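The values are calculated or read from the model by the stated rules, or taken from the named source; none is laboratory data. Note that the structure is a prediction, hence the values are computed from the model and not measured. The protein model used for the area step is the full one, side chains on, heavy atoms only, and it has no ligands, DNA or RNA in it. Shrake-Rupley method; radii C 1.70, N 1.55, O 1.52, S 1.80 Å.
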Amino acid sequence: MRRFAVFLVVGALTLAGVGWMARSASSAPGPQEVVTRTVRPGDNVWSFATSITPQGEDVTKNVDRIMQINNMSSPNLRVGDRILIPIDD
């Protein structure tokens, strides 16, 4: 009986793992065109995001995009850093 219980647990874990691996990818569809900017005094991620956000739209979405494209865990920038800014056609 104990072996059967272990068999059931291992089987359930295996099926759960297969289900987890079958998730669809959440990456952007296709390549993202970007431009490189050098950070100057007073620049911040918000200002870069504001420059590419159409009036009336949510700037925070572009803050997130910039941070993701640049693999940033924090929005802090240093003067002289080079940062990639997405360009929408």
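Over the C-alpha trace of region 38-89, radius of gyration and Dmax come out as 10.5, 31 angstrom. Listed values for region 63-73 are Karplus-derived 3J(HN,Hα) couplings in whole Hz (6.51 cos²θ - 1.76 cosθ + 1.60, θ = phi - 60°), namely 4, 4, 4, 4, 5, 5, 4, 9, 6, 9, 9, and x replaces Gly and Pro. Return the carbon/sulfur percentage of the accessible area of region 48-89, one whole number, probe 1.4 Å, all protein chains in place. Ligands and nucleic acids excluded, carbon and sulfur reach 46 percent.
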